[in-house]
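As structure tokens, the structure follows; a few thoughts come after it.
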Amino acid sequence: MAESAASERGDPRERDELRSDSVRSTDASAGISPPALAIEGVSKRFSGGDESVLAVDDVSLTVERGSIVGLLGPNGAGKTTLIKCALGIVLPDAGSVRVFGTDVGDGRRAAYADVDAMLEGARNDYWRLTVRENLRYFATISGVDPNSVAGRHDRLLDRLDLTEKADTPVRELSRGMKQKVSLASVLAGGAELVFLDEPTLGLDVESSRTLRRELRRLVREEGITIVVSSHDMAVIEDVCDRVVMMADGRIVADDTVAALLSGTERDVLRVGSADIDDAVVATLRERFDVRAVETGVDAGDPTAVEVAAAGDALYDLMDALREAGVTVEEIGTVHPELEDVFVDLTGMEPGGSGTARGEQAGADSRGRSP
């Protein structure tokens, strides 16, 4: 995890005391445990030279225990700065961060006793150490006796397909393998709240699926809480209970994947016909919200047009096509993917650049270097 948090943990006995303090922060009168993460009104501005950029603008966010929350946003949206504020790597200018009920400003050691993070991929691990040595090392700095969690390490190695490489120095592994070692190292100490930044970076399709299965298992069977920041929509859509989208330092959407997808599911119609030419498309663009045009590969192939049309607009669209002499050959509802919702809400492609907001102006990652 970030050095600023990992160094707060102390030895195992002291860590147990910190856990007890955290448990005591539970609202006993209501019998309800506090959320894993509560961010309230956090803002962060970076200044450099004559410029000043507002990276995070009055953001509030709650992450319940035992859930997986996805954090999405174009480059420069403020998501990395927000994560670093949550981890104590970057100090916010305003607002508060509470981890398992403990205010970070009042008790950093207690707040971060059960938190870990993987930031910037394979830079998290020591390349000269073997895979297993990395797991033991990071369990130790988390305040855990590595011998007491040896079985956990064996299971992680097995489930992430790293068993055969357990005694291999990390520097000899492929980029994808290094990424999986980074994830295993984060989970080695048994943290209860984990932040993952681009966890599938460099992984092939099968390795990505393996990682997704493991994340779901960890939440289902061990009850850990995970915050995932990724441009891989398949990962977010597949594993997350909830998605938080950011743009220009603010949250623009916060809901379940199903709710985000259903919001526009019946609003976009796909119409195909060989009669649709450039003139017809131009006419449609003048009168309707044309979302996409897909031209046939060969002469005579139908051209498909996707139009945002619901209610009376649907009938107007059919009338316009009839007036243009178009015989509709195919028609159907477009079922949007999460990426479509993301583009609609942020105006950016995943991985694209948003407004420059000093996303890289904060501190570096976890504090680990090879």
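Before moving on, here are some points about what is shown:
- Burial ordering of Val42, Val328, fewest other beta-carbon atoms within 10 Å first: Val328, Val42
- Percentage relative contact order, the range 162-212, counting C-alpha pairs under 8 Å, at least six apart: 39
- Charge dipole of the range 224-309 about the Cα centre (unit charges at C-beta), most positive-ward option of Val293, Ala279, Val239: Val239
- Principal axis dimensions, largest first and in whole angstrom, of the range 3-261 by Cα: 47, 43, 40
- Cβ-placed point charges (K, R +1; D, E -1), dipole of the range 268-334 about Cα centre in debye, nearest 20: 180
- Here the simple spin-label model places points 7 Å from the Cα toward Cβ, and for Thr295 and Arg220 these points are separated by 4.7 nm.
- The modelled label-to-label distance between Arg65 and Ala234, using points 7 Å beyond Cα along the C-beta direction, is 3.4 nm.
- Applying 1/(1 + (r/R0)^6) with R0 = 56 Å to the Cβ-Cβ distance of Ile32 and Arg155 gives a FRET efficiency near 0.95.
- Lys, Arg +1 and Asp, Glu -1 on Cβ, resulting dipole of the range 161-201 about Cα centre, debye, nearest 20: 160
- Full-extension gain in nm, Thr327 to Trp127, via 0.36 nm per residue minus C-alpha separation: 65.7 nm
- Subtracting the Cα-Cα distance of Ser262 and Glu172 from 0.36 nm times their residue separation leaves 27.8 nm of extension gain.
- Cα gyration tensor shape of the range 29-159, rounded if a/c is under 1.5, else prolate or oblate by comparing a/b with b/c: oblate
- Protection proxy ranking, peptides 171-180, 54-63, average beta carbon neighbours within 10 Å, highest first: 54-63, 171-180
- Segments 106-116, 311-321, 69-79 sorted - mean Cβ within 10 Å per residue, highest first: 69-79, 106-116, 311-321
- Nitroxide proxy distance, nm - points 7 Å out along Cα→Cβ at Thr163 and Asp316: 6.3
All of the numbers you see were taken from the coordinates with simple rules; none came from a lab. Everything numeric in this text was worked out from a predicted model, so none of it was measured. Methodologically, a virtual Cβ is constructed for each residue, glycine included, from the backbone with ideal geometry; neighbour enumeration extends over all protein chains shown.
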